[in-house]
Amino acid sequence: MSGFSIVEAHGIRKEFPNMTAPVLDEVDLTIQSGEIVALRGPSGSGKSTLLNIIGCLDGPTRGTYSLGGRDVSTLSPRERAWVRLHYIGFIFQSFHLISDHTVIENVTLPLYYAGLSRDEREARATELIERVGLSHRMSHRPAQLSGGEKQRVAIARSVAAKPRLLLADEPTGALDTKTGNEVMDLLLEMHEARSLTLIIVTHDPEIAEFCHRQIFLRDGKIITDGSSHASHA
Ligand SMILES: Nc1ncnc2c1ncn2[C@@H]1O[C@H](COP(=O)(O)OP(=O)(O)OP(=O)(O)O)[C@@H](O)[C@H]1O
Ligand SMILES: [Mg+2]
């Protein structure tokens, strides 16, 4: 499964104004293409901050970060947006769907920005919505969907533009255990079908057990980084 380092971060430090201590402190992290990584740690330990840097939503205060072999730590916000559009998919705890868009409109939106024609957008979105089991919800709006359904739409949207890297920040955090496990299964399916690299922030040890590797953060530092003990055949 491994091929090359998709994520290569060295000496990452992140400071915010008015914070006395850095939120990330000398983080070194290498992730191989195709890995499934769980990012764990107490509230406030810096998980989302690290994920945002990996996802080019934010840049580090110091340190170097290469994504797919390209140094992205010094890009302008506009260049970072281009990298996000073409390389990275995001999934959030609170779904972040556009409330006045239908299911299909939510899934086609990134494809519009990626420059696909209307026919290509609709064909690809329809296929993905079928894949996540929501063909019967195509014209619904987010408010008409359950939490699990909303997250499945968000998953379809996140992979629509064929990213290499999929980042999920507590994707099951707002869901009950059964629905959360279904969402996790779907993420694993997407990983398998699309040879994605998957990084999942989670508080849930059960979800983390699905991952090849678990990284624990505390006070902005990686305290352990190792393979999951769970057999993951
Ligand atoms: N934009 C910001 N400005 C100032 N401080 C911030 C900002 N973003 C995060 N922080 C601070 O950085 C620390 C780490 O936040 P982060 O959101 O990365 O934690 P987390 O591990 O994701 O926590 P949780 O499990 O609660 O989501 C916190 O103390 C937070 O208050
Ligand atoms: Mg967080």
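I'd like the distance separating the alpha-carbon centroids of the stretch 84-160 and the stretch 1-38, in whole Å.
So the separation of the two Cα centres works out to 28 Å.
By how many nm would the segment from ALA81 to TYR113 lengthen if fully extended, with 0.36 nm per residue of separation less the alpha-carbon distance?
Residue separation times 0.36 nm, minus the Cα-Cα distance, leaves 10.4 nm.
How high is the relative contact order of the chain, given as a whole-number percent (alpha carbon pairs under 8 Å, six or more residues apart)? All intermediate terms of the calculation are to be shown ahead of the outcome.
Details: 454 pairs, mean separation 61.4, N = 233.
Contact order relative to length: 26 percent.
Can you give the helix-only mean residue ellipticity at 222 nm for the chain, where every DSSP H stretch with n ≥ 4 adds -39500 (n - 2.57) and the sum goes over all residues, rounded to the nearest 500 deg cm²/dmol?
Mean residue ellipticity at 222 nm (helix-derived): -10500 deg cm²/dmol.
Between the helical axis of 103-113 and the dominant principal axis of the chain, each derived from Cα atoms, what acute angle in degrees is found, rounded to the nearest 10?
60 degrees
Kindly identify the stretch 1-97 as rounded, prolate or oblate by the Cα gyration tensor criterion: order the square roots of the eigenvalues as a ≥ b ≥ c, call it rounded if a/c is under 1.5, otherwise compare a/b with b/c, prolate if a/b is larger, else oblate.
Rounded, since a/c falls under 1.5.
Along the stretch 118-132, what does the Karplus equation 6.51 cos²θ - 1.76 cosθ + 1.60 (θ = phi - 60°) give for ³J(HN,Hα), rounded to whole Hz, x for Gly and Pro?
Those phi angles translate into 4, 4, 5, 4, 5, 5, 5, 5, 4, 4, 5, 5, 4, 4, 8 Hz.
More than 26 Å apart: what percent of Cα pairs in the chain qualify?
The share of Cα pairs beyond 26 Å in the chain comes to 36 percent.
The numbers here are math on the coordinates, done by the rules we state, and not lab data. Not measured: the values here are computed from a predicted model.
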